[in-house]
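The structure appears below as structure tokens.
The values are calculated or read from the model by the stated rules, or taken from the named source; none is laboratory data. All values derive from a computational prediction rather than experimental measurement. Methodologically, a virtual Cβ is constructed for each residue, glycine included, from the backbone with ideal geometry; neighbour enumeration extends over all protein chains shown.
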Amino acid sequence: MEPITNVISHPVATMQNLVVNVADKILGRVPVSTDPKPLRSDTVMMNAVTWHGKGDVHYEKLGKPLLSAEDDIILRVTAASICGTDLHPYNGDLPGFKRSDTLGHEFMGLIEEVGPAVQNLRVGDRVVVSAAIICGKCRYCLAEQYDCCDTTNSSKLMEQAYGHRKGGLFGCGHMLGDYPGGLADYVRVPHADFNCLLLPPDVPDDKALYLSDVLCTSLHACRDVKPGDIVGIWGLGTVGLFAARWCQIIGAKRIIGISGTDYRLNLAYEKLGIEVINYHEKDPVRTLNEMVPDGIDVAIDATGFRFAKSIAHKLQRALVMETDTPETIIECMRALRKYGKLTLIASYAGWANFFPIGFMFLKQITMTSGVVPVQKLWKYCLEKLRDGSFDPRFILSHYMKLSDAPAVYHMMNNHEDRMIKSFLRPDAIFFGPDNYEKGCAILSLAGRPTGNDLGNNSGSYERTTYTHERISS
Ligand SMILES: [Zn+2]
Ligand SMILES: [Zn+2]
């Protein structure tokens, strides 16, 4: 039987979405550097994965997007994936969606058309696209604080509610810019020189795809980790598992993963060799206190605002007395040593009751948070893919078609079939499970023929060498 808190949250979530849509309509939009809605063909159709309500995702036909601004490209998608963040709208927890909004922000492909103002990309280039859409020119972009680009999100509602607008994101609803997402056969990418990373042929699709978000996000989660640290990671989804791998690369002394899902704990233990705690079996804070009596140096919260454990917080969330549960944050603060560091990488969206502000104050805890500035980190991540130190494929659990996306949402949401991370090909280029590696090899060579002539766009991989110091600064 469905828990009562879920039953309550259905109509509340629907109502929340409606209220946000009406408020957006009344307030209108702020002028931005590019129109988020692409022009679309009336005659040429394509397939896209779209939002239709809580738990309701469709695979449907939409008009193919057209070049809509001079610095656009049209991307023929060759691979895409579904992120934990995509489950927020699926669960009705991220309002601001309308019927037939295209979902998804992790995708890559081949450039099919190039606008006249695009300088460094050509037709046929193989690129991965950043989940965060940036203009490359505003104050925040110039400071490499790309996720907070000032000119790509037109939501006046976000400005009114939060004081300012963060940057736009693909496929995350109109509060976050209203850009159609990447779970489609084709995507229009605005400000393409800044939002595409050119890929060398030695990095296959099933490694490169994850540069769009999760590889960079998980590295961003580790920005306070130093060699020799003891790190606790709450949540062992893709970002938690990748963060554990980054901690190993950085040289953390001990890494302890906390989750309630057996197969993820097993994967972390078997593939990465980290220590694990199943919170259904042991109280995580008490166990950590026994394992590390002085407290851990760094806590990474990779769980998210939706996962209330106690009835009190489940009810408060269901009744919108709070939007986000602070329970993981409380556990992190209790397990941290004095002067410890807490990084929130999980999405938080609104407000939380019983936030442990006194714990933070009395233990001198520094808390950092925020969405990843992808363009700051993706070249460093690419280098780590190329030199073999990071192979993201240890979490790849499902190779499927784009038309399977509605099923993948369901499986991910319910932790079915040991789902961790999907790799989806548009149906027209799905090679079949037996030819999966062959397909990756063929498509890896589909871009520009030589590895050294990759232009000089912001995404060209050979220009900047990122060091760890640069990332953590
Ligand atoms: Zn994501
Ligand atoms: Zn900007």
Query raised in the report: So which pairs qualify, if the first residue must be in segment 138-165 and touching a residue at least 12 places away in the same chain (Cβ under 8 Å) and over 20 Å from PRO36 (Cα atoms), the second must be assigned to a loop (DSSP other than H, G, I, E, B) and polar (S, T, N, Q), the Cβ gap must be under 6 Å, and the two must be at least 6 apart or on different chains?
Result: none
**Report entry** Residue identified as within 16 Å of ligand 2 (Cβ to nearest atom), crowded, with 16+ Cβ neighbours inside 10 Å and not hydrophobic (A, V, I, L, M, F, W, C) among THR85, THR50, THR78, THR34
**Finding:** THR34
Query raised in the report: Given the structure, is SER81 within 26 Å of CYS440 (Cα to Cα) and either basic (Lys, Arg) or touching a residue at least 60 places away in the same chain (Cβ under 8 Å) (or both)?
Result: yes
Report summary line: Cβ pairs under 6 Å, 6+ apart or interchain, first in segment 17-36 and closer than 26 Å to LYS137 by Cβ, second more than 14 Å from ligand 2 (Cβ to nearest atom) and among the small types (Gly, Ala, Ser), ordered by first then second residue, are THR34/ALA69
Report summary line: Out of (1) part of a loop (DSSP other than H, G, I, E, B); (2) more than 15 Å from ligand 1 (Cβ to nearest atom), the one GLY104 does not meet is (2)
Query raised in the report: Inside segment 400-421, can you point out the residues that are in contact with a Leu (Cβ under 8 Å, 6 or more places away or on another chain) and in contact (Cβ under 8 Å) with a residue 24 or more places away in the chain?
Result: MET400, LYS401, LEU402, ALA405, VAL408, TYR409, MET412, ASN413, ILE420, LYS421
Query raised in the report: Just to be sure, is ALA312 free of Cβ contacts under 8 Å to residues at least 40 places away in the same chain and not in a loop (DSSP other than H, G, I, E, B)?
Result: yes
Requested in this report: Return yes when LEU94 is at pLDDT below 95, away from ligand 2 (no atom under 16 Å from the Cβ) and part of a helix (DSSP H, G or I) and no when it is not.
Outcome: no
Report summary line: Among ILE311, ILE296, ILE357, the single one that is in contact with a strand residue (DSSP E or B) (Cβ under 7 Å, 6 or more places away or on another chain) and among the aliphatic types (A, V, I, L, M) is ILE296
Report task. Could you please tell me which pairs satisfy a Cβ distance under 7 Å, a separation of 6+ or placement on different chains, a first residue in segment 385-398 that is outside the structural domain of GLY273 (by TED's automatic domain parsing) and under 19 Å from VAL128 (Cα atoms), and a second residue that is of a type in the set (A, V, I, L, M, F, W, C) and surrounded by fewer than 17 Cβ atoms within 10 Å (Cβ to Cβ)? Result -> PHE390/ILE249
Query raised in the report: Of the conditions (1) crowded, with 19+ Cβ neighbours inside 10 Å; (2) touching a residue at least 60 places away in the same chain (Cβ under 8 Å); (3) not in a loop (DSSP other than H, G, I, E, B), ILE256 fails just one. Which one is it?
Result: (2)
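Can you tell which of ALA48, ALA79 is within 16 Å of ligand 1 (Cβ to nearest atom), of a type outside the set (Ser, Thr, Tyr), at negative phi and in a strand (DSSP E or B)?
Answer to the check: ALA79.
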**Report entry** Selection status of LEU211, within 25 Å of GLN119 (Cβ to Cβ), within 17 Å of the chain's Cα centre (by Cα) and in a strand (DSSP E or B)
**Finding:** no
Report task. Only one of these is within 15 Å of ligand 2 (Cβ to nearest atom), touching a Cys at 6+ places or on another chain (Cβ under 9 Å) and hydroxyl-bearing (Ser, Thr, Tyr): TYR140, TYR146. Name it. Result -> TYR140
**Report entry** Every pair of residues 6+ apart whose Cβ atoms lie under 6 Å, when the first sits in segment 125-136 and is under 17 Å from ILE111 (Cα atoms) while the second is of a type in the set (Gly, Ala, Ser) and more than 16 Å from ligand 2 (Cβ to nearest atom)
**Finding:** ASP125/GLY447; ARG126/ALA446; ARG126/GLY447; VAL128/ALA208; VAL128/SER212; VAL129/SER212; ALA131/SER212
Query raised in the report: Of LYS98, LYS137, which residue is surrounded by fewer than 20 Cβ atoms within 10 Å (Cβ to Cβ) and under 30 Å from ASP324 (Cα atoms)?
Result: LYS98
Query raised in the report: Looking at LEU265, LEU176, LEU183, which one is closer than 28 Å to LEU342 by Cβ and within 16 Å of ligand 1 (Cβ to nearest atom)?
Result: LEU176
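From the set of residues in segment 325-368 that are hydroxyl-bearing (Ser, Thr, Tyr) and within 14 Å of ASP301 (Cβ to Cβ), which is nearest to the chain's Cα centre (by Cα)?
SER347
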Query raised in the report: Out of VAL285, VAL276, VAL231, VAL239, which single residue is in contact (Cβ under 8 Å) with a residue 40 or more places away in the chain, more than 26 Å from VAL128 (Cβ to Cβ) and part of a helix (DSSP H, G or I)?
Result: VAL285
**Report entry** Failed item in (1) within 21 Å of the chain's Cα centre (by Cα); (2) farther than 23 Å from SER155 by Cα, with THR50 passing the rest
**Finding:** (2)
